[in-house]
Amino acid sequence: SAPDPSTPGRTIKGARLNHLDECPQLMIAMLEGPFYFGTVEAIRREFMRFERERPSQKHILFSIAGSGEVDLPAAEFLIEEDRRREARGGSLHVKLMTLTSFEKLARFQVFKALGREKIHLSKRDALEQIVPQLDQSVCATCTRQIFKECPVADRLDAERTPSNIPRKDAPQTG
């Protein structure tokens, strides 16, 4: 999944289906529906496939949308996946859509295991936390500008705004 720059708020959509560029370092994976023992094994297989097919995407933002159903096996999976990704130099961040999910993960000690900085209630909060953790040497050569938070976006904006052009609100001299 990736942000769609043609939509207000850059809505996250399926990258392949919508022909969207993805960040070479950060994968966004989305789950619609409950996250419980019955789905954990399928998600584990998908994450392993992602790892094989996209080894440069060491960081993952896992967006859990749905009813708020999260159980202990799901919480244990998140902790396990975070440890696996950290061992590879990456990270797992979780974006929740409901306060119920938030409360359940807190109760299952996921906050303690992952750290509060890896649990998010908004896409913006998640990306503001993740993007600075990416390999900045890769970001420096990337021209895709996938996220507003990308350092490339800052550099490109600076290049588009020459300092020698007077601003409209600047006092005029002469």
Legend entry - the chain, relative contact order in percent, only Cα pairs under 8 angstrom and at least six apart counted: 18 percent
Legend entry - Accessible surface of residue 12 - all protein chains present, 1.4 Å probe, nearest 10 Å²: 40 Å²
Inset, instruction - Check cross-link reach from residue 13 to the lysines: straight Cα distance under 26 Å, and skip same-chain residues fewer than eight apart. - result: 58, 95, 118, 123, 148
Inset, instruction - Calculate what fraction, in whole %, of the accessible area of segment 75-135 sits on carbon and sulfur atoms when a 1.4 Å probe is rolled over the protein chains. - result: 50 percent
Inset, instruction - Can you find, among 28, 42, 55, the residue farthest towards the positive end of the dipole of segment 1-64? Put +1 on the C-beta of Lys and Arg, -1 on that of Asp and Glu. - result: 55
Legend entry - Cβ-placed point charges (K, R +1; D, E -1), dipole of segment 1-44 about Cα centre in debye, nearest 20: 20 debye
Legend entry - Dipole magnitude of the chain, debye to nearest 20 (Cβ charges: Lys/Arg +1, Asp/Glu -1, about Cα centre): 180 debye
Inset, instruction - With unit charges on the beta carbon (Lys/Arg positive, Asp/Glu negative), name the residue among 108, 139, 119 whose Cα is farthest towards the positive pole of the charge dipole of segment 77-151. - result: 108
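Roughly what % of DSSP beta bridges within segment 1-147 run antiparallel, to the nearest 5?
The antiparallel fraction comes to roughly 10 percent.
The values are calculated or read from the model by the stated rules, or taken from the named source; none is laboratory data. None of the values given here were measured: they were computed from a predicted structure. So basically every Cβ, Gly included, is an ideal-geometry build from the backbone, and we count neighbours across all protein chains shown. Remember, those area values only see protein heavy atoms, side chains included, never the ligands or the DNA or RNA. Shrake-Rupley method; radii C 1.70, N 1.55, O 1.52, S 1.80 Å.
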